[in-house]
Amino acid sequence: MDTAVQILKQYFGYDAFRPGQDTLIGAVLSRRDALGIMPTGAGKSICYQVPALALRGLTIVVSPLISLMKDQVGALVQAGVPAGCLNSTMDYAEYDETVYRAMRGGLKLLYVAPERLDTPALARIAAHTPISMVTIDEAHCVSQWGQDFRPSYLRIADFIASLPARPIVSAFTATATAEVRDDIVRLLGLHEPQLVTTGFDRPNLQFAVRRPQGKMQELLRILREHGRQCVAIVYCATRKNVEQVCETLCEHGYAATRYHAGLSDRERRDNQDDFLFDRKTIMVATNAFGMGIDKSNVSLVVHYNMPKNLESYYQEAGRAGRDGSPAACILLYAGKDVQTNQFLIENSEPDPSLSEQARAAIRKKDLDRLRDMTFYCSIDGCLRQYLLRYFGEHAPDFCGNCGNCLTHFDTVDVTIEAQKIVSCVYRLAQRGHRFGRGMLSDILRAGDDPRIAAYGLTDLSTYGIMREEKPARLRAILEHLLLHGYLAQTAGDKPCIVLTARSAEIIRERRPVSMKLPRRHSTVSAAQPRATTPVDSSLYDVLRDLRAKFARSAGVPPYVIFSNATLEDMAARKPRTHAEFLDVSGVGDTKAQKYGKQFLEAIASYETQA
């Protein structure tokens, strides 16, 4: 492992490995297969990049997105690592040159999409160059039970089997249930792999769920709380929402841009670059944005709509605070989000390579995951606990750093209200009716929905029985009944509230029901700076400007030159010599040679003028 630590320092500028990294790297260097399940920001890429440099031969990295592999290769080249990629956007000369370098041993890492594994180019490379390792990034894509299944990932095992000699196989993902983990091992043909799950907890992230009357006004309020300089991602479920939210933010003077599959490739690339290069501080996007984006200074992720599953949510929220600084992850929830996601699941484009039985099984699994996601938005307990237990980890009941733990709750007896709601569903069922949340609420509160009169429901014994109840409180109690199984919601385009086996506990057994309701609205405070060695903020600004200059010259995002965390350490240490500059966290040999002189001169000049 001494060689691995030397590589870590030389190329990446770190003195020691994070938890789990050394175990995985040690396994690979002893020629054992490995599977790493590590949350976003935990340093998965180091686990295969360091061994790739230590092993003789070429490491092939299977990566699902062109933008992801380009960013990875760009960062590696800046660090002095011979790396390249093969993708469909390259011209013939560039593609051929990369193949030639790989065949001649001029690359240590080659990134490819799974669709390119059976191309003649890969066959030529494998025939001329020893393949020391095949690494599968975003390995959950191989499983039908993963949140982002890609049939092309099923070709990977055949590619590995076709190689002249079996290489080491390593696989990595940020989120995987036990079922998905077992699928990864089986479908990729891993041989008794070293399994490392570093723990999903990201203590620097503060989670919160809000249920506002108006989402746009709430988003504007959140952005005001965090300040104009806040770097944020706002995720929306649909392209229409992306357009509306981005337009509104721009009208309010925010430097916002947009990203979704309906834009041209050129506009998506330009908008992504504007965000990565800090020309825009807010990215409004569908879930098409973010995989492989290593922007370290995002301090806020807002989900304008609820995602379809907790795996996607945790991965997307985890794009905040990647450098370890405090960051906020806020989800804006409304009941309509559930219906939107059910519609998207029920009407998703079927995979023609799967049988109807397999498609039905995946659809059911997707709906089960949507239910778990909905429960997350409805609980009054610790949000961090719910997330960690979902991924199979033990967690305390109170984290002290999520929206629920920071809210003052009162335990309220809602037995009478629960009886009224369940009785209404029962009475409707007696007449052969069942309705969704909105209609049920209107019946209970004597609302003005014309269907009430059309169906002759004004003489229902429970009509108007909760007319004095506030709509928000009624929704909260209904969510509680659904969460605890006293009622259920059907699947499909128009979900309806129905009775369950537990409904009788409320109607016949008169079981007491209590729940926690917030005494006051909580807010997730703006991310505060890390409590480390005092950072000279004025010097930090000088260094940030110098970093931006180098980034423009190199045509790469600023964080590829140095992360914010590295600049903070630099501004705190104020190195004066080349050796002291190398002691800054995140400064490796190549970057010290490229940029050390100018940064040292900037620090010395600042110190002289101070």
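The values are calculated or read from the model by the stated rules, or taken from the named source; none is laboratory data. Bear in mind that the values here come from a model prediction, so they are computed numbers and not experimental data. Positions of Cβ are generated from backbone atoms using ideal geometry, with glycine treated the same way; all protein chains shown enter the neighbour counts. The protein model used for the area step is the full one, side chains on, heavy atoms only, and it has no ligands, DNA or RNA in it. Shrake-Rupley method; radii C 1.70, N 1.55, O 1.52, S 1.80 Å.
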Taking the stretch 71-136 as the region of interest, what is the percent of Cα-Cα pairs per 5 angstrom bin, listed from the shortest bin to the one with the maximum distance?
-> 3, 16, 29, 31, 16, 4, 0
Could you tally the net charge around Gly335, taking each other residue with its Cβ under 12 Å from the Cβ of Gly335, Lys/Arg +1 and Asp/Glu -1?
-> +2
Just name one of Gly290, Tyr313, Tyr259: the one whose Cα is farthest towards the positive end of the charge dipole of the stretch 254-318 (beta-carbon charges, Lys/Arg +1, Asp/Glu -1).
-> Tyr259
Restricting to lysines and to Cα separations under 19 Å from Lys240, and discarding same-chain partners fewer than 8 apart, the set is Lys215, Lys308, Lys336
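Give the shape of the stretch 362-426 as rounded, prolate or oblate, defined through the alpha-carbon gyration tensor: a ≥ b ≥ c are the square roots of its eigenvalues, a/c under 1.5 means rounded, and otherwise the shape is prolate if a/b is larger than b/c and oblate if not.
Details: a/c = 3.07, a/b = 1.15, b/c = 2.67.
The shape class here is oblate.
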Kindly report the accessible area of the stretch 272-329 per residue (heavy atoms of protein chains, probe 1.4 Å, no ligands, DNA or RNA), in Å².
-> 22
Which helices count as membrane-span-like in the chain under these terms: full DSSP H, at least 15 Å along the axis by C-alpha, Kyte-Doolittle mean of 0.5 or more?
-> 66-78, 471-483
Could you sort 205-218, 339-352 so that the peptide with the highest average Cβ count within 10 Å comes first and the rest follow in order?
-> 205-218, 339-352
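Taking the highest mean first, how do the peptides 280-286, 416-422 order by number of other beta carbon atoms within 10 angstrom per residue?
Going from most to least packed, we get 280-286, 416-422.
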Expressed as a whole number of Å, what is the distance separating the alpha-carbon centroids of the stretch 113-161 and the stretch 273-344?
-> 28
For the chain, size of Cβ-based charge dipole, Lys and Arg +1, Asp and Glu -1, in debye | 760
Of the options Val584, Val422, Leu58, report the single residue whose Cα projects farthest towards the positive end of the charge dipole of the chain (beta-carbon charges: Lys, Arg +1; Asp, Glu -1).
-> Val422
May I ask what percent, to the nearest 5, of DSSP beta bridges between residues of the chain are antiparallel?
-> 15
Per its Cα gyration tensor (rounded if a/c is under 1.5, else prolate when a/b beats b/c, else oblate), the stretch 205-259 is best filed as rounded
Rg to Rh, two decimals, where the stretch 114-255 supplies the alpha carbon set and Rh follows Kirkwood | 1.14
Average accessible surface area per residue within the stretch 43-139, 1.4 Å rolling probe, Å² = 36
Using alpha carbon centroids, what distance separates the stretch 179-254 and the stretch 412-456, in Å?
-> 35
Along the dipole axis of the chain (charges at Cβ: +1 for Lys and Arg, -1 for Asp and Glu; origin at the Cα centre), the most positive-end residue among Leu8, Phe435, Ile125 is Phe435
Summed residue charge, Cβ within 15 Å of Thr286's Cβ, Lys/Arg positive, Asp/Glu negative = +1
What is the pair-distance distribution P(r) of the stretch 383-527, computed from all Cα-Cα distances in 10 Å bins starting at 0, with each bin given as a whole percent?
-> 10, 35, 31, 18, 6, 0
Starting from the Cα gyration tensor of the chain, take the square roots of the eigenvalues, sort them a ≥ b ≥ c, and report rounded, prolate or oblate (rounded when a/c is under 1.5, otherwise prolate if a/b is larger than b/c, else oblate).
-> prolate
Proximal charge balance of Asp366 [Cβ under 14 Å; K/R count +1, D/E count -1] = -1
Percent accessible area from carbon and sulfur atoms, the stretch 424-494, protein chains only, probe 1.4 Å = 48
Kindly write out, for the stretch 108-113 in residue order, the coupling ³J(HN,Hα) from the Karplus curve 6.51 cos²θ - 1.76 cosθ + 1.60 (θ = phi - 60°), rounded to whole Hz, with x marking Gly and Pro.
-> 9, 10, 10, 8, 9, 7
